[in-house]
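First comes the structure, then the notes that go with it.
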Amino acid sequence: YSFARLRALRVEVDVRLATGEISIEEAAALLRERVPMDEGTARDEAAFTQGDPAGIGPEILLRSVAARTAAGMATAATAATSEVPTHSTLLIAERAALEAVAALVPEFPWDRLVEGQSPDRATLARLAGQIALLDPVGSRRRIELGRSRAADAHGAMAALDAAITLARAGIVDAIVTA
């Protein structure tokens, strides 16, 4: 497939995924048809990272993942193939940031959140249908919404650094930051 076409289309696909406009299945279909590429490559993993935990970001991240997850489950059920998705979603964010905005995003499927350490592709495949959480900071702290602090910047950078490390290792293929 054409690498230039892939790079151009990847920008559109990543933005539409981040905003919840399309599901992973729809993104994969776009990549398969327009690049073109095989199914496995088209469905490769994307990592979603937090922005400023005290600012706008974590709630957008949770809404986006909730919308993607709901759309993916609906697509699987509608297609009558299986009610279990064949992929997982990877969040790279401080658990403290997600908990700080939990009340703002009641639709987020907290029961499907699985916390873990540095995942590999096999781990993500085993978590199909789940939402994997990698907390790059790992410390519980109080986040005051609307009041950014140095620790918040550290959390955002730690999330990006973890995502970049996973992308360089070939574990994720795209990074979406909210």
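The values are calculated or read from the model by the stated rules, or taken from the named source; none is laboratory data. Everything quoted here is computed from the prediction, not taken from an experiment. Every residue, glycine as well, gets a Cβ built from its backbone with ideal geometry; the counts of neighbours run over all protein chains shown.
Test residue 57 against the criterion of being modelled with pLDDT under 75 and not hydroxyl-bearing (Ser, Thr, Tyr), and give yes or no. Step through it out loud before you land on a result.
Working: modelled with pLDDT under 75: no; not hydroxyl-bearing (Ser, Thr, Tyr): yes.
No; evaluated as a whole, the condition is false for this residue.
Looking only at residues that are assigned to a loop (DSSP other than H, G, I, E, B) and either modelled with pLDDT of 75 or more or in contact with a Ser or Thr (Cβ under 6 Å, 6 or more places away or on another chain) (or both) in segment 17-37, which one is farthest from residue 154 (Cα to Cα)? Even if it seems obvious, please write down each step before you answer.
Our first condition is that a residue be assigned to a loop (DSSP other than H, G, I, E, B); within segment 17-37, this holds for 19-23, 35-37.
When the remaining residues are screened for being either modelled with pLDDT of 75 or more or in contact with a Ser or Thr (Cβ under 6 Å, 6 or more places away or on another chain) (or both), the result is 20-23, 35-37.
Details: 20: 27, 21: 30, 22: 31, 23: 30, 35: 37, 36: 39, 37: 37 Å.
Filtering segment 17-37 for residues that are assigned to a loop (DSSP other than H, G, I, E, B) and either modelled with pLDDT of 75 or more or in contact with a Ser or Thr (Cβ under 6 Å, 6 or more places away or on another chain) (or both), the one farthest from residue 154 (Cα to Cα) comes out as 36.
Output the number of the condition that residue 142 fails; it satisfies all remaining conditions of (1) surrounded by fewer than 17 Cβ atoms within 10 Å (Cβ to Cβ); (2) within 16 Å of the chain's Cα centre (by Cα).
All conditions pass for residue 142, except number (2).
Just the residues that are free of Cβ contacts under 8 Å to residues at least 60 places away in the same chain and closer than 9 Å to residue 97 by Cα, please, taken from segment 142-158.
Passing the criteria: only 142.
So, residue 156, is that one closer than 13 Å to residue 55 by Cβ, within 21 Å of the chain's Cα centre (by Cα) and of a type outside the set (S, T, N, Q) or not? Can you show your working first?
On the way: closer than 13 Å to residue 55 by Cβ: yes; within 21 Å of the chain's Cα centre (by Cα): yes; of a type outside the set (S, T, N, Q): yes.
The answer is yes for residue 156.
Residues that are among the acidic types (Asp, Glu): list the strands (runs of 3 or more DSSP E) wholly contained in segment 105-178 that include at least 1 such residues. Walk me through how you get there before you give the answer.
Values: elements: 113-116, 131-134, 174-177.
Correct list: 113-116.
I'd like to know if segment 68-87 contains one or more residues that are crowded, with 21+ Cβ neighbours inside 10 Å and at pLDDT 70 or above.
Within segment 68-87, not a single residue is crowded, with 21+ Cβ neighbours inside 10 Å and at pLDDT 70 or above.
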